[in-house]
Amino acid sequence: MSHRTRIKICGLTRAQDVRAAVEAGADALGFVFYPKSTRYVTPSQAAALIATVPPFVTTVGLFVNAEAAQLQEIVAEAPVSLLQFHGDETVEHSVALAAAVNRPFIRAMRIGNTTLAADLIEYAQAYAAGSHLFSGLLLDTLVEAYGGSGKVFDWSLIPKELAPQVVLSGGLSVHNATDAVRRVRPFAVDISSGVEQEKGIKDAAKIRAFIAAIRQADADLNEL
């Protein structure tokens, strides 16, 4: 069975960046609905961007400690197909939010110095038991701010049995993308700052180079 890593480009704010990501072969596009983020988009801005996305490309909404009513308003205007919870949401809160808009969700787990492999397995099992709408964990680096960290964590913490189900994030770039896929073999990768000219402004050449690096890693794995 051939290996194909899915790719999400996150923090999109401009139509030309959405187009560049789609043309380069991205599987998913992320829109940040956290007002304190420099990559924040309003629901109306996101709706306009989502309207340009072709079929079979997943649109993802990133939320931080949102309330159900707020989430319902946003999704009603900007109909993302997948939710990404990146704050302090508990299992119960995440489940209730996803149910409020009937959308599948992924939960970000921020990896710190004290995180254990067993913690990741326990976390995934708790969310899976809580809702059929749970789609998996996104693993990022623990920093003070919410949202993407732009920093790499210790990939060796990821249990091998969990790796094929996770989305790997945190400090990815064209320089470490191939190594990340070869070492971790995640289901998907998520990148934002690593393909930017500046915060919220993507670089089409970096997007193409990153996706090419991931595809090269896939090809190498399929030759083994």
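Yes/no matrix, rows are residues, columns are (1) surrounded by fewer than 18 Cβ atoms within 10 Å (Cβ to Cβ); (2) part of a strand (DSSP E or B):
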{"residue": "Arg4", "(1), (2)": "yes, no"}
{"residue": "Ile7", "(1), (2)": "no, yes"}
{"residue": "Gly11", "(1), (2)": "no, no"}
{"residue": "Val22", "(1), (2)": "yes, no"}
{"residue": "Phe31", "(1), (2)": "no, yes"}
{"residue": "Lys36", "(1), (2)": "yes, no"}
ask   = From the list Asp203, Asp190, which residue is free of Cβ contacts under 8 Å to residues at least 12 places away in the same chain and open to solvent by less than 70 Å² (accessible area, probe 1.4 Å)?
value = Asp203
message = Going residue by residue through region 142-158, is there one that turns out to be open to solvent by less than 10 Å² (accessible area, probe 1.4 Å) and charged (D, E, K, R)?
response = no
query = What is the one condition in (1) assigned to a helix (DSSP H, G or I); (2) open to solvent by 60 Å² or more (accessible area, probe 1.4 Å) that Ile74 does not satisfy?
reply = (2)
note = Of the residues in region 105-133, those that are in contact with a Leu (Cβ under 7 Å, 6 or more places away or on another chain), open to solvent by 40 Å² or more (accessible area, probe 1.4 Å) and over 17 Å from Pro164 (Cα atoms) come to Arg110
query = What residue, among those in region 77-92 that are in contact with a helix residue (DSSP H, G or I) (Cβ under 9 Å, 6 or more places away or on another chain) and farther than 23 Å from Ala47 by Cβ, is most open to solvent (accessible area, probe 1.4 Å)?
reply = Glu92
task = Could you list all residues from region 84-111 that are in a loop (DSSP other than H, G, I, E, B) and within 18 Å of the chain's Cα centre (by Cα)?
result = His86, Gly87, Asp88, Glu89, Arg103, Pro104
request  = Considering only residues that are in contact with a Phe, Trp or Tyr (Cβ under 7 Å, 6 or more places away or on another chain) and modelled with pLDDT of 95 or more, look in region 160-172 and name the one that is least open to solvent (accessible area, probe 1.4 Å).
outcome  = Val166
request  = Check Ala69, Ala46 and return the single one that is open to solvent by 10 Å² or more (accessible area, probe 1.4 Å) and either part of a helix (DSSP H, G or I) or farther than 30 Å from Thr178 by Cα (or both).
outcome  = Ala69
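The values are calculated or read from the model by the stated rules, or taken from the named source; none is laboratory data. Only a predicted model underlies this, so the values are computations on that prediction, with no experimental measurement involved. Cβ atoms come from the backbone with ideal geometry, glycine included; neighbour counts cover every protein chain shown. Remember, those area values only see protein heavy atoms, side chains included, never the ligands or the DNA or RNA. Shrake-Rupley method; radii C 1.70, N 1.55, O 1.52, S 1.80 Å.
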